[in-house]
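Trainee: Submitted below is the structure of interest, expressed as structure tokens.
The values are calculated or read from the model by the stated rules, or taken from the named source; none is laboratory data. In this text, all values refer to a predicted model and were calculated from it rather than measured experimentally. Glycine gets a Cβ as well: all are built from the backbone with ideal geometry, and neighbour counts include every protein chain shown.
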Amino acid sequence: MRVLLPLCLASLVGCTGTARVEGFAAPDAQSFLYTAHTNTVMTENDDGEAEALRRDWLADALKAHGMCADGYAVNSRKFVPDSEGPFANGGDIVYAGRCL
């Protein structure tokens, strides 16, 4: 029983983490498409902690790709669900933007 309890707790901790599932594309030197996956922990709403994390991830991705040193603007933000129906859970947030 003493061994089982820590294992159960460790498995729960793994479920509550914020795994970074993302994609990045640069159609040209001044524009970008960034996607971040959502789920029940990382909700798709555009306010709050989950959105702040995604915006930080976007800034990290731009820096890693050597883009937008003078800043950037997000032109559009769209939620694309994984599937439809009562058991649908998550999807992608797609940010389209440009360098300033």
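Trainee: So I93 fits all but one of (1) over 19 Å from V21 (Cα atoms); (2) touching a helix residue (DSSP H, G or I) at 6+ places or on another chain (Cβ under 8 Å); what number is the exception?
Mentor: Of (1) over 19 Å from V21 (Cα atoms); (2) touching a helix residue (DSSP H, G or I) at 6+ places or on another chain (Cβ under 8 Å), only one is false for I93: (1).
Trainee: Quick one: which strands (runs of 3 or more DSSP E) sit completely within region 20-100 and have at least 2 residues that are exposed (fewer than 12 other Cβ atoms within 10 Å of the Cβ) and touching an Asp or Glu at 6+ places or on another chain (Cβ under 6 Å)?
Mentor: In region 20-100, there are no strands (runs of 3 or more DSSP E) which contain 2 or more residues that are exposed (fewer than 12 other Cβ atoms within 10 Å of the Cβ) and touching an Asp or Glu at 6+ places or on another chain (Cβ under 6 Å).
Trainee: Applying the selection to region 27-56, what residues are at pLDDT 95 or above and among the hydrophobic types (A, V, I, L, M, F, W, C)?
Mentor: F32, L33, listed by residue number.
Trainee: Condition (residue is in contact with a Pro (Cβ under 7 Å, 6 or more places away or on another chain) and of a type outside the set (F, W, Y)) applied to region 54-67: is it met by at least one residue?
Mentor: no
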